[in-house]
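Here is the structure we will look at.
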Amino acid sequence: AQSVTQLGSHVSVSEGALVLLRCNYSSSVPPYLFWYVQYPNQGLQLLLKYTSAATLVKGINGFEAEFKKSETSFHLTKPSAHMSDAAEYFCAVGSYNFNKFYFGSGTKLNVKP
Amino acid sequence: GAVVSQHPSRVICKSGTSVKIECRSLDFQATTMFWYRQFPKQSLMLMATSNEGSKATYEQGVEKDKFLINHASLTLSTLTVTSAHPEDSSFYICSAHDRSGNTIYFGEGSWLTVV
């Protein structure tokens, strides 16, 4: 069975500061891991994904995430926050055959000017 | 890139009626689609996994007779909320698995309001 835990329901950073959104997973088999962003009243946009290739994954809008098996983590980072990054971010885990796909509880990112 | 289209984006229906939401993968074939429900300020709750040509697999606590899912083709899955009640009002989102890229793409979501 898979599950995802996102630490911190709200994260606030200053514009230009480092963004770090935490995601830990549990899975009995090597998982597929994803980060999605959701703007208010909209659907989800894929930021990046890990599917057993390179452990450091680069995504859109300057985001990247590193898969660390020993820590069962897939934290999302961005070196310098922009006001437009303010949104809700969801980490998700899928089984190898994608018959299940679960989301974390989400982290709302606030960017202060 | 791959696109998933969800329709309608907003629907208002009367209590007791049924409403159908469509989810289409526009440029890839999706043998697996997922349906989620999202309450305000909460995460997405997986309702069911829809597999083309077979019955959907429902998550625990989701009434399969109330939330009918049909995945009759490789590009279309539908969710029908039957005998809708105000507590069914929510944001429903579908997603589709693109096997070629091993990625899940999401529709824009559908706001359902039952009055």
Q. Rounded to the nearest 100 Å², what is the sum over both chains of accessible area buried where A meets B, with a probe of 1.4 Å?
A. 1800 Å²
Q. Can you pull the three principal axis extents for the Cα set of the range A:21-113, in Å, largest first?
A. 42, 27, 18
Q. Counting alpha carbon pairs within less than 8 Å and at least 6 residues apart, what relative contact order, in whole percent, applies to the range A:36-108?
A. 24 percent
Q. Counting only the backbone N, which residues of the range B:70-102 are under 18 Å from the spot 7 Å out from the Cα of B:His7 toward its beta-carbon?
A. B:70-81, B:92-96
Q: Grab the beta carbon distance between B:Thr57 and A:Asn97, set R0 = 22 Å, and tell me the FRET efficiency rounded to 0.05.
A: 0.95
Q. Once both labels are modelled 7 Å past Cα along the beta-carbon direction, what's the B:Glu87-A:Tyr39 spacing in nm?
A. 3.5 nm
Q: Would you rank A:Lys49, A:Lys58, B:Lys64 by solvent-accessible area, highest first, keeping every protein chain in place and using a 1.4 Å probe?
A: A:Lys58, B:Lys64, A:Lys49
Q) How much accessible surface does A:Ser95 have with a 1.4 Å probe, in Å² rounded to 10? A) 10 Å²
Q) Tell me which lysines have Cα within less than 21 Å of A:Lys49's Cα, excluding those fewer than 8 residues away on the same chain? A) A:Lys58, A:Lys68, A:Lys69, A:Lys78, A:Lys100, A:Lys108
Q. Over the range B:31-115, with a single point scatterer placed on each C-alpha, what log10 of the ratio I(q)/I(0) does the Debye formula yield at q = 0.11, 0.15, 0.18, 0.23 1/Å?
A. -0.28, -0.53, -0.76, -1.20
**Q.** Average beta carbon contacts from partner chains per residue of B:41-53, 10 Å cutoff
**A.** 3
Q) Between B:Asn102, B:Asn70, B:Asn51, which gets the highest mean-square fluctuation from a Gaussian network model of chain B, Cα cutoff 10 Å? A) B:Asn102
Q: Any cysteines in chain B with zero other Cys Cβ atoms under 4.7 Å from their Cβ? List them, or say none.
A: B:Cys13
Q: Mind listing the long-range amide H neighbours of B:Glu108? Cut-off is under 5 Å, sequence gap 5 or more, other chains count too, H placed in the peptide plane at 1.01 Å from N.
A: B:Gln6
Q.
Compute a Gaussian network model of chain B, connecting alpha carbons closer than 10 Å, and tell me which residue from B:Glu52, B:Glu87, B:Glu22 fluctuates the most.
A. B:Glu87
**Q.** Reach of B:Lys66 by Cα under 19 Å, taken over aspartates and glutamates that are not fewer than 8 positions away in the same chain
**A.** B:Glu22, B:Glu87, B:Asp88
(Q) As a test of reading the structure, rank A:Thr72, B:Thr80 by solvent-accessible area (1.4 Å probe, protein chains only), most first. (A) A:Thr72, B:Thr80
Q) Which value, in Å² rounded to 10, gives the accessible area of B:Glu108 with a 1.4 Å probe and all protein chains present? A) 110 Å²
Q: Amide H neighbours of B:Ile21 under 5 Å, at least 5 residues apart or on other chains, H built in the peptide plane: list them.
A: B:Leu79, B:Thr80, B:Val81
(Q) Apply the Karplus curve 6.51 cos²θ - 1.76 cosθ + 1.60, θ = phi - 60°, to the phi angles in the range A:3-16 and return the couplings in whole Hz, x for Gly and Pro. (A) 8, 9, 10, 10, 7, x, 7, 9, 10, 10, 10, 8, 4, x
Q) Can you pull the accessible area of B:Asp27 for me, 1.4 Å probe, Å² to the nearest 10? A) 100 Å²
Q) When chain B is treated as a GNM, springs tying every alpha-carbon pair under 10 Å, which of B:Val11, B:Val62, B:Val19 comes out with the largest mean-square fluctuation? A) B:Val62
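The values are calculated or read from the model by the stated rules, or taken from the named source; none is laboratory data. Remember, predicted model here, so these are calculated numbers, not experimental data. As a convention, Cβ positions derive from the backbone with ideal geometry for all residues, glycine included, and neighbour counts pool all protein chains shown. These accessible areas exclude ligands, DNA and RNA; they are computed on the full protein's heavy atoms, side chains included. Shrake-Rupley method; radii C 1.70, N 1.55, O 1.52, S 1.80 Å.
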